[in-house]
Amino acid sequence: MEKEALDAIADELYGKLAGVSASVSPCLYDRAACERMAPLVARIRELKRERNATILAHTYTGSEIVAGVADFTGDSYMLSKRASETESDVIVFAAVRFMAETAKLLNPTKRVLLPATDGRCSLADSITAEQVAELRKAHPDHVFVCYINTTAAVKAQCDVCVTSGNVFKVVERIPSDKIFFLPDRLMGQNLRNELAKRGVKKEILTSDGACHVHESYDPELLDFLRMRNPGLKVLSHPECSEEIAERSDVVGSTEQMLRYIAGSCDDRFMLLTECGLAARVQCEYPGKTFVGSCQMCRYMKSNSLEGILRVLENPAPGDEVTVPADVAERALACIRKMFELAEG
Ligand code: 13P
Ligand code: SF4
């Protein structure tokens, strides 16, 4: 590509990314970094057209992916909706494996490629389908609700799935007062507390998983930071502990936090979730200030421009996401039930 065209891409990237601070990002987006990224971005955009591909990126991946090559960025619910609507032949899903699996379930005839070098998730990996089958035997009267952060094989064993953005609404609407929620014990406790606040009586049992990012926030540190920053608005993810949730102004998915910031007159926020959200808001709302403390998800951050280029150019068999047909049918029913309850 001509030097002029590459300079234009470097300018575009620098214009979008210069405001991202080093404390919320794995790298600094100075002009030199944007120049180094420009040829990769140019090549990915070219291949995207040639292969008729759509690139979906979770907000937690690197800002250069979100700002440079993604067609859509969002939370797990929004991305699964986008995945169900795409007409492309190929979906490149910059995120973790369970999200790419969800896209494959919704698009069985399309190629779904995962560029992450480590697509695990500490929640999704905390429970197996065999363990769920055992739990079902032990609790035959319970409706089994799984968080979307589970493998397709686990979803295939469950009745309905939820995302962080609709967990309270969907569980409230399930016509049973006996729920087994898996795999996140912290989200399960937030679910109990929220339903109690709404006056909804349900027994909610949980398994013992947690997210390595969200379980690490310290409520006492939050008290201290609030004291030091009067007027601070605290937004947290429902994967955080109940002590964090009860100290927060807003508890919601990454997309719900983003919407709150967009509509708020306040200018100082603390986001208790993965750093990618703070980086995205710094790009999109340069007038707002973000007080530490965010944490990085090592799995989401294993996505890169190089990985996206690799899967578009020459995908290895392990980059392509597949789900066995018998698992796919049952897992898809679990996801469709969520759409029905969330949108009905
Ligand atoms: P969201 O659905 O809010 O994007 O959350 C996904 C996730 O993995 C949170 O850790
Ligand atoms: Fe999984 Fe936590 Fe990473 Fe989200 S932030 S993908 S729940 S490990």
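The values are calculated or read from the model by the stated rules, or taken from the named source; none is laboratory data. Remember, it's a predicted structure, so these values are computed and weren't measured experimentally. Here the Cβ is made from the backbone with ideal geometry for all residues, glycine too, and neighbour counts use every protein chain on show.
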Problem set entry | Only listed residue being surrounded by 15 or more Cβ atoms within 10 Å (Cβ to Cβ), more than 26 Å from R173 (Cβ to Cβ) and touching a residue at least 12 places away in the same chain (Cβ under 8 Å), chosen from E215, E255 | E215
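Being out of contact with any Asp or Glu (no Cβ under 9 Å at 6 or more places or on another chain) and of a type in the set (V, I, T) narrows it down to one of T151, T128, so name that one. Don't jump to the end; show me each part of the working.
On the way: T151 fails: out of contact with any Asp or Glu (no Cβ under 9 Å at 6 or more places or on another chain).
Result: T128 is the single residue among T151, T128 that is out of contact with any Asp or Glu (no Cβ under 9 Å at 6 or more places or on another chain) and of a type in the set (V, I, T).
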For this session: Go through D118, D71 for me and flag whichever is of a type in the set (D, E), away from ligand 2 (no atom under 16 Å from the Cβ) and touching a Lys or Arg at 6+ places or on another chain (Cβ under 9 Å).
Result: D71
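If a residue must be away from ligand 2 (no atom under 16 Å from the Cβ) and closer than 17 Å to G165 by Cα, how many such residues does region 259-275 contain?
So the answer is 4.
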For this session: Using the structure shown, decide if K169 is over 16 Å from the mean Cα position of the chain (by Cα), charged (D, E, K, R) and under 23 Å from L272 (Cβ atoms).
Result: yes
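Somewhere in region 75-88, is a residue more than 16 Å from ligand 2 (Cβ to nearest atom) and either under 30 Å from A18 (Cβ atoms) or basic (K, R) (or both)?
Yes, there is a match, as at least one residue in region 75-88 is more than 16 Å from ligand 2 (Cβ to nearest atom) and either under 30 Å from A18 (Cβ atoms) or basic (K, R) (or both).
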For this session: Given the conditions (1) without any contact (Cβ under 8 Å) to a residue 60 or more places away in the chain; (2) within 14 Å of ligand 2 (Cβ to nearest atom); (3) closer than 30 Å to A8 by Cβ, report the number of the one that A124 does not fulfil.
Result: (3)
Exercise. For region 77-91, which residues satisfy the criterion of being out of contact with any Asp or Glu (no Cβ under 9 Å at 6 or more places or on another chain) and either within 17 Å of N303 (Cα to Cα) or outside any helix (DSSP H, G or I) (or both)?
Worked result: L79, E87, D89, V90, I91
For this session: Give the residues of region 23-70 that are within 21 Å of D7 (Cα to Cα), aliphatic (A, V, I, L, M) and assigned to a helix (DSSP H, G or I), sorted by residue number.
Result: A32, A33, M37, A38, L40, V41, A42, I44, L47, I65, V66, A67
Problem set entry | Condition met for D125 (at pLDDT 95 or above, closer than 27 Å to A70 by Cβ and surrounded by fewer than 19 Cβ atoms within 10 Å (Cβ to Cβ)) | yes
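Can you name the residue in region 276-301 that is within 10 Å of ligand 2 (Cβ to nearest atom) and either assigned to a strand (DSSP E or B) or not basic (K, R) (or both) and is also modelled with the lowest pLDDT among such residues?
Filtering region 276-301 for residues within 10 Å of ligand 2 (Cβ to nearest atom) gives 276, 295-301.
With either assigned to a strand (DSSP E or B) or not basic (K, R) (or both) added as a condition, the list becomes 276, 295-297, 299-300.
On the way: G276: 92, Q295: 89, M296: 94, C297: 96, Y299: 97, M300: 97.
The selected residue is Q295.
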Exercise. Quick one: how many residues across region 293-344 are exposed (fewer than 15 other Cβ atoms within 10 Å of the Cβ) and among the hydrophobic types (A, V, I, L, M, F, W, C)?
Worked result: 2
For this session: Output the number of residues of region 168-183 satisfying the condition of being closer than 23 Å to A133 by Cβ and either in contact with a helix residue (DSSP H, G or I) (Cβ under 9 Å, 6 or more places away or on another chain) or surrounded by 14 or more Cβ atoms within 10 Å (Cβ to Cβ) (or both).
Result: 9
